[in-house]
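The values are calculated or read from the model by the stated rules, or taken from the named source; none is laboratory data. Fair warning: this is a prediction, and the values are worked out from it, not measured in the lab. Cβ coordinates were reconstructed from backbone atoms using ideal geometry, including for glycine residues, and neighbour counts include every protein chain displayed.
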């Protein structure tokens, strides 16, 4: 697999033209990482990254149960995602669908597989995002590009302000 | 939109699984074509065809060493792809950085519970 980008310790690869593969190691046992992925109060603390705030995190943790996250971005825009749990193995594996609510009612979901593997008290997290088509995969990555650009502009603005002071 | 049959940029070149295998192999160092043939378990004409595509988009470079042609990766040509995924990757890196903080707290909470004579679960 081609590692096409890596900053920090997260590694993103594109193993197929309709897939995104993300890996990251955590200095924590896997039952903690699993809990952080499946507990609403904890999801609220990390899922928005530094792009905004998670205002709603609903999790019905059972196969066939649904989840829904709503984030208010720093620019004030609200984005929402929801899906259904397809497979759950406690502390090991979560397979769920993910619909982006801004994409329209007929847009097909991605299928996300998160796997937690523990070695010597550290946990390797692997997330595979299986997209319905290469076009959707590209759109998802490009949406990140916008965020990335937005962050870059924010930082530039901060630098500019600090220079004025 | 119809896609050109021939590969014209790095994005298309890495869309083919065999070509990604070649790139991964060359990421470890320069190799002659025979090495790649053995590694990929493919016939030489196929490997050569993939190498030709990779060379055309500048992902792979070749040089003559005696009677051998040695192939190596040109990392710089992967930059457009790197730039493309960087924003998305940054979002995940940001999430994980926050998750790190949550996980440290969970560890501490568990220790405290153990200290209080909890089940230590």
* Do we find that residue B:103 is surrounded by 13 or more Cβ atoms within 10 Å (Cβ to Cβ), facing chain A (nearest Cβ under 10 Å) and closer than 30 Å to residue A:53 by Cα in this structure? -> yes
* Exclusive hit being surrounded by fewer than 18 Cβ atoms within 10 Å (Cβ to Cβ) and within 15 Å of residue A:128 (Cβ to Cβ), set A:17, A:27, A:106 -> A:17
* **Which numbered condition residue A:57 misses (of (1) surrounded by fewer than 16 Cβ atoms within 10 Å (Cβ to Cβ); (2) in contact with a helix residue (DSSP H, G or I) (Cβ under 7 Å, 6 or more places away or on another chain); (3) at pLDDT 95 or above)** => (1)
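Condition check ((1) more than 7 Å from every other protein chain (Cβ to nearest Cβ); (2) at pLDDT below 90) across all residues:
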position: A:5; (1), (2): no, yes
position: A:11; (1), (2): yes, yes
position: A:15; (1), (2): yes, yes
position: A:19; (1), (2): yes, no
position: A:31; (1), (2): yes, no
position: A:39; (1), (2): yes, no
position: A:51; (1), (2): no, yes
* Structure fact -> If you go through B:60, B:65, B:47, the only one that is away from chain A (no Cβ under 14 Å) and surrounded by 21 or more Cβ atoms within 10 Å (Cβ to Cβ) is B:47
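Kindly provide the set of residues from the range B:31-44 that are assigned to a helix (DSSP H, G or I) and surrounded by 14 or more Cβ atoms within 10 Å (Cβ to Cβ), ordered by number. Steps first, answer last, please.
Of the residues in the range B:31-44, the ones assigned to a helix (DSSP H, G or I) are B:33-40, B:44.
Scanning the range B:31-44 gives B:33, B:35, B:36, B:37, B:39, B:40.
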